[in-house]
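Contents: one structure, followed by commentary.
The values are calculated or read from the model by the stated rules, or taken from the named source; none is laboratory data. Here the structure is a predicted model, which means the values were calculated and not measured. Cβ placement follows ideal geometry from the backbone for every residue including glycine, while neighbour counts extend to all protein chains displayed.
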Amino acid sequence: MPEALETTRLVARPPRPEDAPALLALYGTVEVAARVYPDGRPRAEAELAPYLEADLAHWRAHGFGRFMWHERDTGEVVARCGPKLDLRGGRPELDMHWTVRPDRHRRGLAAEAAGAVVRACFDALGAESVTAVVRVDNAASQAVARALGFAYERDVEHFGRPHRLYRRRAG
């Protein structure tokens, strides 16, 4: 997996230890917390440190992971998007994640970033398929998954809540 990805409007790079404030801008809001966390409570910067450390560790261990996505025009971090290894049914899967800063919602940034990552998963990692687990009440992310060619596979439980598992196969 390349350490940098680019799209028309975005540039991606691996996370850095100093990215905690950028994660707070992504996950410290009511809008995002309601869709991401089972308790719906926005997180404080200190609570996000383990997520950042997990991303850094994943990159060190596997040479790929979730990227921090910057707008070309402003240089601001506006999204976190990328794959991570996840065990599903006893076998490793590349599972996609995307989150966009609430003030940048409804601009197509999730699909733009995730599309670039999915292509890299197939081209650079040789993945046979990529999954995305989306909450059943997150219509926007379900639309992103379908727009990127992911097909609904089945309902699953994730962090104690109902989700939908989508899969996109290579080719």
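Taking the stated definitions as given, is ARG43 surrounded by 17 or more Cβ atoms within 10 Å (Cβ to Cβ) and farther than 30 Å from SER129 by Cβ? In short, yes. Restricting PRO15, PRO38 to those that are buried (at least 19 other Cβ atoms within 10 Å of the Cβ) and touching a Gly at 6+ places or on another chain (Cβ under 9 Å) reduces the list to PRO15.
Out of the residues in region 24-83 that are charged (D, E, K, R) and assigned to a loop (DSSP other than H, G, I, E, B), state the one that is modelled with the lowest pLDDT. In this case the residue turns out to be ASP39. Is it true that ALA113 is touching a residue at least 40 places away in the same chain (Cβ under 8 Å), crowded, with 20+ Cβ neighbours inside 10 Å and either within 17 Å of GLU3 (Cα to Cα) or not hydrophobic (A, V, I, L, M, F, W, C) (or both)? Criteria met by ALA113. From the list ARG72, ARG107, the lone residue that is surrounded by fewer than 20 Cβ atoms within 10 Å (Cβ to Cβ) and without any contact (Cβ under 8 Å) to a residue 40 or more places away in the chain is ARG107. Cβ separations smaller than 7 Å between residues 6+ apart or across chains give the following pairs from region 125-138 residues that are of a type outside the set (A, V, I, L, M) and modelled with pLDDT under 95 to residues that are surrounded by fewer than 16 Cβ atoms within 10 Å (Cβ to Cβ) and part of a strand (DSSP E or B): ARG135/ARG161. Here the condition is being over 26 Å from LEU24 (Cα atoms) and either part of a strand (DSSP E or B) or among the aliphatic types (A, V, I, L, M) (or both); of VAL156, VAL133, it holds for VAL156 alone.
Any residue in region 3-11 that is surrounded by fewer than 12 Cβ atoms within 10 Å (Cβ to Cβ), within 26 Å of LEU125 (Cα to Cα) and among the small types (Gly, Ala, Ser)? Checked region 3-11: at least one residue is surrounded by fewer than 12 Cβ atoms within 10 Å (Cβ to Cβ), within 26 Å of LEU125 (Cα to Cα) and among the small types (Gly, Ala, Ser).
Kindly indicate whether any position in region 104-127 is of a type in the set (A, V, I, L, M), more than 29 Å from GLY75 (Cα to Cα) and either in contact with a strand residue (DSSP E or B) (Cβ under 7 Å, 6 or more places away or on another chain) or not in a strand (DSSP E or B) (or both). Checked region 104-127: at least one residue is of a type in the set (A, V, I, L, M), more than 29 Å from GLY75 (Cα to Cα) and either in contact with a strand residue (DSSP E or B) (Cβ under 7 Å, 6 or more places away or on another chain) or not in a strand (DSSP E or B) (or both).
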